[in-house]
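Everything on this sheet refers to the single structure shown next.
The values are calculated or read from the model by the stated rules, or taken from the named source; none is laboratory data. Everything quoted here is computed from the prediction, not taken from an experiment. Cβ atoms come from the backbone with ideal geometry, glycine included; neighbour counts cover every protein chain shown.
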Amino acid sequence: MKPITKEEFKNKIELNLRRQYGKSLEDAKKYEIYYAVSRAVMDEVTEKWYNTKKTYQKSGEKQAYYLSAEFLMGRYMGNNIINLGYQKVVKETLEELGFNLNDIEDAEMDKGLGNGGLGRLAACFLDSLATLGLPGHGYGLRYKYGMFEQKIEDGFQVEYPDNWTKNGTPWEIKRLDRSYEVKFGGRVEIHKDEIGKEYYKRVETENVIATAYDVPIIGYGNGTVNTLRLWEATSESGFSLKLFNEQRYEKASEKGVEAEDISRVLYPNDTERSGKWLRLKQQYFFTSASLQDIIRRYKSVYGNNFDKFASKIAIQLNDTHPVVAIPELMRIFLDYEKLSWDEAWSICTEVFAYTNHTILSEALEKWDITLIQPLLPRIYQIIEEINRRFILELREKYPNNYEKINKLSVIGDGKVKMAWLAIVGSHAVNGVARLHTEILKNEELKDWYELYPEKFQNKTNGITQRRWLLEANPKLSDYITSLIGDKWITNLEELKKLEKFEDDLEVRNNLMKIKKENKERLAKYILETTGIEVDTNSIFDVQVKRLHEYKRQLLNILHIMDLYNKLKENPLLDIESRTFIFAAKAAPGYRRAKSIIKLINSIAEVINNDESINGKIKVIFLENYRVSLAEIIFPAADISEQISTAGKEASGTGNMKFMVNGAMTVGTLDGANIEIVEEAGEENAFIFGLKANEVKKLVEYGKYNPFEEYHVVDGLNKVLEQLVDGTYDDNRTGMFKDLYNSLLYGVDGNRPDVYFVLKDFASYRDAQLKVTKAYRNKDKWSHMMLKNIANAGKFSSDRTIQEYADEIWNIKKIAVKNYID
Ligand SMILES: *Cc1c(COP(=O)(O)O)cnc(C)c1O
């Protein structure tokens, strides 16, 4: 296919503007231009998409499907035109028309169909699959409202709905030809077929229609366009015309509303998994539709013979959210395709693999039988049968060890344990960083590891450099390319070649210069959104991620309070200027997380308005953290705050985005930080605090007393008392008092300082002193920066995905052929 010319492109934009809005270029609004540009590019995409689908079909090769309740995709346009190689032509065409590409991109709403790391990982994986030319696709939910929009009002988080479709959605195609029925409730009846064989049938069910919306996932420079298929829920009957005609309007649309509820809104809980009825409905809805779709596609080639199913299809379960897919596939095989239990089960366990994302106990999904049984009666029967057979296996293996058998039982205490079901029903179980996988094997899932050692694997997370370096940081990207060529875009290990410039002062000065320019870009954004001016010569010290106690934003802000106290006591204190930057959403029901947001903002208010400190420190809280904001933040960071309680952060991926953009890690030895430091060298990071095994021991001994830190660590008692003496204002909510109590006394039956904030305080402050010292030595700093960038190669999601492809899915690269004319 010929690449599109500027002239053709211009005509297409105009055509789309006329068609969609009846407007010409002169009177079009920004988002209208965005829409028209996107549609023009989609015209080109659809041909590549068609070729990819045909190529996959004809190849007969195995396909992988990534089932995830969350895809945090961010914006599509910028990324898509880069991956297509259209950036130059789009940019120049727009310039000739008097528009700026960046401005037009800003008109696009983020696709925030995820909470944080887990959903963003899914998005990075799709990008890597397509770029590696691998036949791998996503399946998820098309939430009408994604992650809420956060505003900060009086220092408090306030949530607003995220109506991301309101200005149109040019990057998806509604597929009326791909819709399925998903059945809830009702009863199970036993029927007999022609030859007298019994089978199960669901009757008196409530049926919901799943309709597909397809999003193209465009590989970088290779013609591959894979598919992200998201399901929307609607009612079968829409609404009752009869009731409507009887003027019973609300009743008339009730069924429709109830069905549409299923894909109405993303649950905004990052880690805590409340066992809500609607959430279970969402999970079953999207997994059932996805499996029906996968089976339809398989049968169109192989008919009713399922012998090849497991060698043609791999399904990855992203956390426990889609694990109900295991009994659902069993149901379809048993009740519909009439396979025997043993045949069906053997296929299932070969097809499924499960990724564990966390060891926080509140995150492990368990469904009450009283919920799952009435909602999914046949699925519950199948889970019971899976468990019955599993227990028989255990009895043989561990005769008379009832304690162990009880512990491993998928059903217990009136609940179905989804993680257990996932392990029993999968051939591979993986953690997301080396430490995390080791903790799973030796602690959290120890019994399971003993039972199925062959199932356990590690797949350290990664991020796509196309979005997080090439798109987010064009200046650094161009500079790297000028030094080592552009192969790093598809092989991040190439960055290692930067090491030959480690003693080249000019190169290192240029890196510093680019960092400064990116800080200016962020400073401009800060000024526009908060009205606060920040000094771009100061250290940009950044902590951006979901707000959670284990991530310890509280440790960061307590340190800032202490630094401010020191500066007040001694205005001549010799410190480097710092701009502390936070961004974080808290789950709406997570009160303590919201208290920490309020605390950060109250302290920011005081510090930013205190003229006596001459602007030496500033504290910025940027509202509504999301992918498109992250893309401005990471390139501008000097310091990456990765300060979770050791053993609690499974991997982290923000840490990787910082590294590849040349920020230094201040961190604990937790999650992927360990591997980051291993690659970059410990001398090029600022490591502090308890190690995972030390945290474990402290918990086991149960002797930790935070008052020891309170009395011994200089300045700490003052900081803590300032939480309750009125120095900072929590608008009489008692929020700061609760933080104080949780640190020193323990609240709601918890031990004090569950996350060892005070225990790590002194060590953290030491690490921050080292930061100041290092930053003053520009020679040292720029060297550290270069070392971090040069050694970030391991953290490409291309590496992660290649490992999944080789070690779990067994899929191969397929070169896309041309099937048009
Ligand atoms: C990368 C990313 C995350 C994950 O950050 P962590 O620091 O790994 O928790 C969350 N949200 C957004 C928008 C991201 O881009």
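Observations on the model:
- Residue 547 within 16 Å of the ligand (Cβ to nearest atom) and either over 30 Å from residue 475 (Cβ atoms) or assigned to a helix (DSSP H, G or I) (or both): yes
- Positions within the range 292-308 being assigned to a helix (DSSP H, G or I) and either more than 22 Å from residue 801 (Cα to Cα) or of a type in the set (S, T, N, Q) (or both), in sequence order: 292, 293, 295, 296, 297, 298, 299, 300, 301, 302
- Options 332, 347, 383; residue that is surrounded by fewer than 19 Cβ atoms within 10 Å (Cβ to Cβ), free of Cβ contacts under 8 Å to residues at least 60 places away in the same chain and over 26 Å from the mean Cα position of the chain (by Cα): 332
- Any hit, the range 804-821, residues being touching a helix residue (DSSP H, G or I) at 6+ places or on another chain (Cβ under 9 Å), under 30 Å from residue 47 (Cβ atoms) and not in a loop (DSSP other than H, G, I, E, B): yes
- Test for residue 567: is it of a type in the set (A, V, I, L, M), more than 9 Å from the ligand (Cβ to nearest atom) and in a helix (DSSP H, G or I): yes
- Annotation for the range 330-341: no member residue is at pLDDT 95 or above, under 13 Å from residue 424 (Cα atoms) and either β-branched (Val, Ile, Thr) or touching a Pro at 6+ places or on another chain (Cβ under 9 Å) (or both).
- Taking each residue of the range 642-656 that is closer than 15 Å to residue 630 by Cα and looking for partners that are more than 9 Å from the ligand (Cβ to nearest atom) and in a helix (DSSP H, G or I) with beta-carbon atoms closer than 8 Å, six or more apart or interchain, yields 652/673; 655/673; 655/676; 656/676; 656/795.
- Filtered by the rule that a residue be over 19 Å from residue 357 (Cβ atoms) and among the acidic types (Asp, Glu), the range 663-689 gives 678, 679, 682, 683.
- Qualifying residue in the range 592-609 (condition: buried (at least 22 other Cβ atoms within 10 Å of the Cβ), assigned to a loop (DSSP other than H, G, I, E, B) and within 16 Å of the ligand (Cβ to nearest atom)): no
- Filtered by the rule that a residue be more than 12 Å from the ligand (Cβ to nearest atom) and either in contact (Cβ under 8 Å) with a residue 12 or more places away in the chain or assigned to a loop (DSSP other than H, G, I, E, B) (or both), the range 670-682 gives 674, 675, 677, 679, 680, 681.
- Top-ranked residue of the range 436-485 - restricted to ones that are in contact with a strand residue (DSSP E or B) (Cβ under 8 Å, 6 or more places away or on another chain) and β-branched (Val, Ile, Thr), ranked as surrounded by the fewest Cβ atoms within 10 Å (Cβ to Cβ): 439
- Enumeration of residues in the range 618-669 that are closer than 25 Å to residue 531 by Cβ, away from the ligand (no atom under 11 Å from the Cβ) and outside any strand (DSSP E or B): 622, 623, 632, 635, 636, 637, 638
- Filter result for the condition that a residue is of a type in the set (Asp, Glu) and touching a residue at least 24 places away in the same chain (Cβ under 8 Å), over 108, 95: 108
- Subset of the range 104-136 (residues that are among the hydrophobic types (A, V, I, L, M, F, W, C), within 16 Å of the ligand (Cβ to nearest atom) and assigned to a loop (DSSP other than H, G, I, E, B)): 109
- Every condition in (1) closer than 30 Å to residue 55 by Cβ; (2) crowded, with 17+ Cβ neighbours inside 10 Å; (3) away from the ligand (no atom under 16 Å from the Cβ); (4) of a type in the set (A, V, I, L, M, F, W, C) is met by residue 176 except one, and the failing one is (2).
- Screening the candidates 101, 84, 141 for the property of being surrounded by 24 or more Cβ atoms within 10 Å (Cβ to Cβ) and either within 13 Å of the ligand (Cβ to nearest atom) or at pLDDT 95 or above (or both) yields one hit, 141.
Residue-by-condition table, conditions (1) small (Gly, Ala, Ser); (2) closer than 27 Å to residue 564 by Cα; (3) buried (at least 24 other Cβ atoms within 10 Å of the Cβ):
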| residue | (1), (2), (3) |
| --- | --- |
| 618 | no, yes, no |
| 624 | no, yes, no |
| 627 | no, no, no |
| 642 | no, yes, yes |
| 649 | no, no, yes |
| 660 | no, no, yes |
| 663 | yes, yes, yes |
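- A count restricted to the range 550-564 and to residues that are within 16 Å of the ligand (Cβ to nearest atom) and either outside any loop (DSSP other than H, G, I, E, B) or surrounded by fewer than 17 Cβ atoms within 10 Å (Cβ to Cβ) (or both) stands at 6.
- Restricting the first member to the range 37-50 and to residues that are part of a helix (DSSP H, G or I), and the second to residues that are of a type in the set (Lys, Arg), the beta-carbon pairs closer than 8 Å and six or more apart or on different chains are 39/12; 40/12; 43/12.
- All conditions but one from (1) more than 32 Å from the chain's Cα centre (by Cα); (2) crowded, with 21+ Cβ neighbours inside 10 Å apply to residue 404; the one that does not is (2).
- Residues of the range 570-591 that are of a type outside the set (Asp, Glu), surrounded by fewer than 17 Cβ atoms within 10 Å (Cβ to Cβ) and out of contact with any strand residue (DSSP E or B) (no Cβ under 9 Å at 6 or more places or on another chain): 570, 571, 572, 573, 589, 591.
- Counting only helices (runs of 4 or more DSSP H) that fall entirely inside the range 329-405 and contain at least 3 residues that are out of contact with any Gly (no Cβ under 9 Å at 6 or more places or on another chain), the qualifying elements are 341-351, 377-397.
- Failed criterion for residue 542 (all others in (1) part of a loop (DSSP other than H, G, I, E, B); (2) touching a residue at least 12 places away in the same chain (Cβ under 8 Å); (3) not acidic (Asp, Glu) hold): (1)
- Within the range 52-88, considering residues that are in a helix (DSSP H, G or I) and of a type in the set (Lys, Arg), the one nearest to the chain's Cα centre (by Cα): 53
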